[in-house]
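Worksheet: one structure, shown below.
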Amino acid sequence: MDDEELIHEIRKGSRAAMEVLVKRHYHSIFTYVYRKTGDYHTAYDLTQEVFVKMMKSLGSYRDNGKFSHWLLKIAVNHCMDYFRGREYKQQNRESELTEEALPASEHQNVWNIFYKRLQNDQVRQAVLRLPEQQRDAVILNYYNGLKIREVAELTGTNESTVKSRIRLGIAKLKEIIVGGERDETYRKPR
């Protein structure tokens, strides 16, 4: 069954269809939310809330596009609401206090063992440091594999704005990850 058939069955009261639909899209929504928040437990909670919103909004879903994009739009909006909310601001203050209290790592030789994991973590942390609009564009385009047009539709902007946000986001990521080194190859000699 495709998504539209499952939605039709859900509207008739089928719990089995609801489970299939949620299982089909859970990973992609969780992955987006996790990359957006950077915290597993928060991502888990927000993903659950996205699916609750999906179920409540299913009556208003119109089959005029891909269901997965409609669901991802709910996730994008829910994450924006979360970052604007009091709970996020409180968590952010608490994590800043915790980070200040932690001692610096004494085991630098562990670097070699966990090098790959650290690189992934650096990229994740770098993505989290991007301005919100650039982060959304980069995550939706690179991690979720959406086309520029689809990212524009989900974020409510035009395609040239999305392209610009992706370009600026990638440049900022490079700057963060490489440590501020800038690529001088494109400069004209004086």
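The values are calculated or read from the model by the stated rules, or taken from the named source; none is laboratory data. Computed from a prediction, not measured in an experiment: that's the story for all the values here. With ideal geometry, Cβ positions are generated from the backbone for all residues, glycine too; neighbour counts draw on all protein chains shown. Side chains are part of the model used for accessible areas, which takes the heavy atoms of the whole protein and leaves out ligands, DNA and RNA. Shrake-Rupley method; radii C 1.70, N 1.55, O 1.52, S 1.80 Å.
Does Ser57 satisfy the condition of being loosely packed, with under 14 Cβ neighbours inside 10 Å, of a type in the set (Gly, Ala, Ser) and in contact with a helix residue (DSSP H, G or I) (Cβ under 8 Å, 6 or more places away or on another chain)?
Here the answer is yes, as Ser57 does meet what is asked.
Scan the range 1-33 for residues that are in contact (Cβ under 8 Å) with a residue 40 or more places away in the chain, over 15 Å from Met55 (Cα atoms) and surrounded by fewer than 18 Cβ atoms within 10 Å (Cβ to Cβ) and jot them down.
Ser28, Thr31
Out of (1) open to solvent by 30 Å² or more (accessible area, probe 1.4 Å); (2) among the hydroxyl-bearing types (Ser, Thr, Tyr); (3) at pLDDT 90 or above, the odd one out for Tyr88 is which?
(3)
Would you call Ala16 more than 23 Å from Asn144 (Cβ to Cβ) and either at pLDDT 95 or above or among the hydrophobic types (A, V, I, L, M, F, W, C) (or both)?
Yes: the conditions hold for Ala16.
Pick from the range 121-151 the residues that are touching a Phe, Trp or Tyr at 6+ places or on another chain (Cβ under 8 Å) and not polar (S, T, N, Q): which of them is surrounded by the most Cβ atoms within 10 Å (Cβ to Cβ)?
Among residues in the range 121-151 that are touching a Phe, Trp or Tyr at 6+ places or on another chain (Cβ under 8 Å) and not polar (S, T, N, Q), the one surrounded by the most Cβ atoms within 10 Å (Cβ to Cβ) is Leu140.
Contact list please: Cβ distance under 7 Å, first residue in the range 38-57 and under 14 Å from Phe83 (Cα atoms), second residue basic (Lys, Arg), pairs at least six apart or on different chains.
So the pair list comes out as Gly38/Arg124.
So Asn158 passes all but one of these: (1) at pLDDT 90 or above; (2) crowded, with 16+ Cβ neighbours inside 10 Å. Which condition number does it fail?
Unmet condition: (2).
For the range 40-47, does any single residue satisfy the condition of being assigned to a helix (DSSP H, G or I) and of a type in the set (Phe, Trp, Tyr)?
yes
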